[in-house]
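Heads up: the structure comes next, in structure tokens.
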Ligand SMILES: Nc1ncnc2c1ncn2[C@@H]1O[C@H](COP(=O)(O)OP(=O)(O)OP(=O)(O)O)[C@@H](O)[C@H]1O
Ligand SMILES: [Mg+2]
């Protein structure tokens with residue numbers, strides 16, 4: 001809302017990489033907690049790696065390590081971000097290879113440390129060196145707009161903001177986008193949309209949200225019970241391209257990579273007449 | 001029954017409420033985050049008003065208040081003195097305020113053939129109305145007759 005409607009689409013994608021062919025460092029952020037930054041990072045990373053790109057996922061949520069769990073890598077993490085920043089181990093020692101892809105790596109957060117322990121300048125330098133080795137550096141940002149946010153954003157040159165169709169989430173994204181300014185050319189992923197509720201006028205629609213945020217829309221992910229299951233198993237849903245939500249993550253990856261493919265919209269489930277009549281008498285208003 | 005129909009046609013949504021709340025909360029947020037914008041508005045307001053009255057620039061207060069479905073800007077601008085009405089200002093198209101404060105002057109002061117006919121008509125009507133509210137029919141009637 002602060003900035004003029006950004007119309008830079010995917011075109012700048014390839015040209016933005018300077019001559020040295022540095023990878024792209026993209027921070028996934030939201031302001032509000034629990035809206036799906038970590039889930040989106042894991043799935044987008046999986047989908048990008050599946051396309052053959054070299055991808056590293058950096059868990060910048062120091063103190064609240066999550067990304068390893070979502071990727072099913074928690075038992076393989078031996079070193080973490082701060083070990084590298086404080087030069088106790090080399091980058092190679094700290095990078096954890098993914099389970100399902102040879103081109104996906106994780107740099108885990110330190111669980112027993114605090115966000116203030118990270119030095120912004122060192123974080124910046126680390127992301128720079130990762131960009132020399134990977135096509136994509138995806139940074140999973142902690143909630144909030146304090147130091148943890150600033151450190152996560154420091155080395156990034158692009159941002160993907162995650163928003164759920166809720167008043168508080170939209171408000172926080174608006175704030176974060178204001179803080180990011182134009183440098184990061186933020187793009188939007190709307191997460192946990194429930195098309196049936198939207199249809200009934202009980203949930204903000206994609207159009208409602210983006211009438212306010214006015215950001216280039218990368219994609220929309222449905223509120224998907226399977227995500228709970230896949231997170232339990234440590235196998236991101238993007239591994240299953242045949243599911244609608246898995247396919248939606250792949251479409252986002254393709255769009256991030258600069259392909260001109262449409263963003264699929266979650267479709268409302270068909271409601272039978274019987275269910276409809278039932279809800280007339282039993283259902284509560286939202 | 002209306003609730004039932006609303007349900008049937010799917011318009012009972014809380015999303016409209018959400019949209020409305022969001023719109024207002026973001027306006028407030030953006031104002032809060034832009035104190036320089038408020039200062040600029042204050043300055044411009046004072047500049048405009050100072051053309052007509054002398055105001056106490058140091059005591060101006062500007063607040064924003066939620067009023068149902070709108071955000072209102074409330075300005076408290078103490079007036080120190082009121083300038084003498086400036087004839088060059090009162091003669092241009094919207095003369096009502098002056099006319100209602102001093103109906104006889106306005107009626108007599110405007111030479112009938114100098115003002116365009118449309119303006120004359122309006123002036124006549126306002127002076128009558130003002131005369132009525134001032135409860136001075138005896139002096140007002142000849143005045144408006146003179147204008148004709
Ligand atoms: N599309 C979705 N459908 C259903 N559940 C989801 C979806 N996206 C995320 N979740 C669930 O919501 C919860 C929060 O997700 P996640 O941890 O990715 O959010 P986050 O923004 O990283 O949170 P935090 O701010 O705490 O880091 C998790 O339990 C996750 O499984
Ligand atoms: Mg997280």
What is the angle, in °, between the Cα long axis of helix A:244-256 and the longest principal axis of the Cα atoms in chain A? Nearest 10 is fine, range 0 to 90.
50
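Arranged by the count of other C-beta atoms within 10 angstrom, fewest first, what order do A:164, A:29, A:39, A:120 take? Please list the in-between numbers first.
On the way: A:164 23, A:29 32, A:39 27, A:120 14.
Ordered from fewest to most neighbouring Cβ atoms within 10 Å, A:164, A:29, A:39, A:120 come out as A:120, A:164, A:39, A:29.
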1/(1 + (r/R0)^6) with r = Cβ-Cβ of residue A:78 and residue A:267, R0 = 56 Å, i.e. FRET efficiency to nearest 0.05, evaluates to 0.85
So what's the angle, to the nearest 10 degrees on a 0 to 90 scale, between helix A:273-282 and the longest Cα principal axis of chain A?
90
Could you pull out which residues in the range A:143-170 have an amide N less than 18 Å from a spot 7 Å beyond the Cα of residue A:120, following the Cα-Cβ vector?
A:143-159
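Can you sort A:104, B:45 so the residue with the fewest Cβ neighbours within 10 Å comes first?
Values: A:104 27, B:45 16.
Taking fewest neighbouring Cβ atoms as first place, the list is B:45, A:104.
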Take A:88, B:51, A:194 and order them by how many other Cβ atoms sit within 10 Å, fewest up front.
B:51, A:88, A:194
Simple spin-label model, 7 Å along Cα-to-Cβ: residue B:54 to residue A:226 in nm?
7.7
For A:165-175, what's the mean count of beta carbons from other chains sitting within 10 Å of each residue's beta carbon?
3
How far is helix A:37-50 tilted, in degrees, relative to the longest principal axis of the Cα atoms in chain A, given as a value from 0 to 90 rounded to the nearest 10?
70
Considering every Cα-Cα pair within chain A, what fraction, in whole percent, is farther apart than 33 Å?
20
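Which whole-number percentage describes the relative contact order of chain A, with Cα contacts under 8 Å and a sequence gap of 6 or more?
Details: 556 pairs, mean separation 71.3, N = 286.
Answer for chain A is 25 percent.
Taken together, the values in this text are just the output of simple stated rules run on the coordinates, not laboratory data. All figures in this text were calculated on a predicted structure; none of them were measured in a lab. Heads up, the Cβs are rebuilt from the backbone with ideal geometry, glycines too, and the neighbour counts pull from every protein chain shown.
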